[in-house]
1. Do we find a residue being β-branched (Val, Ile, Thr), farther than 26 Å from VAL25 by Cβ and without any contact (Cβ under 8 Å) to a residue 24 or more places away in the chain anywhere in region 83-104?
2. Before we move on, is VAL80 part of a helix (DSSP H, G or I), surrounded by 17 or more Cβ atoms within 10 Å (Cβ to Cβ) and modelled with pLDDT of 95 or more?
3. List the pairs whose first member sits in region 115-134 and is assigned to a loop (DSSP other than H, G, I, E, B), whose second member is modelled with pLDDT under 95 and of a type in the set (Phe, Trp, Tyr), and whose Cβ atoms are under 6 Å apart, counting only residues at least 6 apart or on separate chains?
4. Looking at THR78, is it under 15 Å from the mean Cα position of the chain (by Cα), farther than 17 Å from SER60 by Cβ and polar (S, T, N, Q)?
5. Give just the number: which of (1) surrounded by fewer than 20 Cβ atoms within 10 Å (Cβ to Cβ); (2) touching a residue at least 12 places away in the same chain (Cβ under 8 Å) does ALA57 not satisfy?
6. So which of ASP42, ASP100, ASP29 ends up being in contact with a strand residue (DSSP E or B) (Cβ under 9 Å, 6 or more places away or on another chain), of a type in the set (D, E, K, R) and exposed (fewer than 13 other Cβ atoms within 10 Å of the Cβ)?
7. Hey, any hits in region 52-69 for a residue that's polar (S, T, N, Q) and under 25 Å from ALA5 (Cα atoms)?
8. Those residues that are in contact with a helix residue (DSSP H, G or I) (Cβ under 8 Å, 6 or more places away or on another chain) and among the acidic types (Asp, Glu), I need them from region 78-130; list them, please.
Amino acid sequence: MTSEAVRRVQSGNPWEESFGFARAVAAGDLVLVAGTTAFKGDVLYGEGDPYEQAKVAFTSALEAIAGFGLGPDAVIRTRVYLAHPRDVDEVGRAHKELFDAVRPVATVLIVDGFVDPRILVSVELEAFRGAVNS
C-alpha cells in the first residue's frame, strides 16, 4: 500500500502526542479509530456515569470518521472496553441508540482498568468507505 493510500487524523488529545498515535487512520477502504474515551482535552465527561461516557466516547469516535466524510452508517465494527461488568447494560443502551439502524459487529470486553481510574469506557470503531450492501 502506498503512503498516498493512508491518511491520518488527529483529535488533539494529549495522549496522541505523548504516545505517538493518530485518532483515526484511513487505509484504502477502511477507517480505523483508536481507543476513544470520554475525555475532551483535560475534561472527563460523564464521570461515574457509564452511559454518558459511552455516548461521549462514541460521539468523539464518530467525529473522527466524519473527518473522512463518513457517518454512523459506515461503521462496520465496534469494540467496547469496560472497567466493570456492571456497566454492560448502560453502555449497551448508548450503543443501541447510536447504531441500532446500522448493526455493526460488536465486541464487549471487560478490562482490568484504564490509564485514568475515572474512565469507565473506551471504544474503537472500524468504518468502510466503499459501497455497503445490506
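The values are calculated or read from the model by the stated rules, or taken from the named source; none is laboratory data. Note that the coordinates shown come from a computational prediction; the quantities given were computed from them, not determined experimentally. Cβ: placed from backbone, ideal geometry, glycine included. Neighbour counts: every protein chain shown.
1. Yes, because at least one residue in region 83-104 is β-branched (Val, Ile, Thr), farther than 26 Å from VAL25 by Cβ and without any contact (Cβ under 8 Å) to a residue 24 or more places away in the chain.
2. no
3. none
4. Here the answer is no, as THR78 does not meet what is asked.
5. Unmet for ALA57, out of (1) surrounded by fewer than 20 Cβ atoms within 10 Å (Cβ to Cβ); (2) touching a residue at least 12 places away in the same chain (Cβ under 8 Å): (1).
6. Exactly one residue qualifies, and that residue is ASP29.
7. Yes: one or more hits.
8. Passing the criteria: ASP87, GLU90, GLU97, GLU124.
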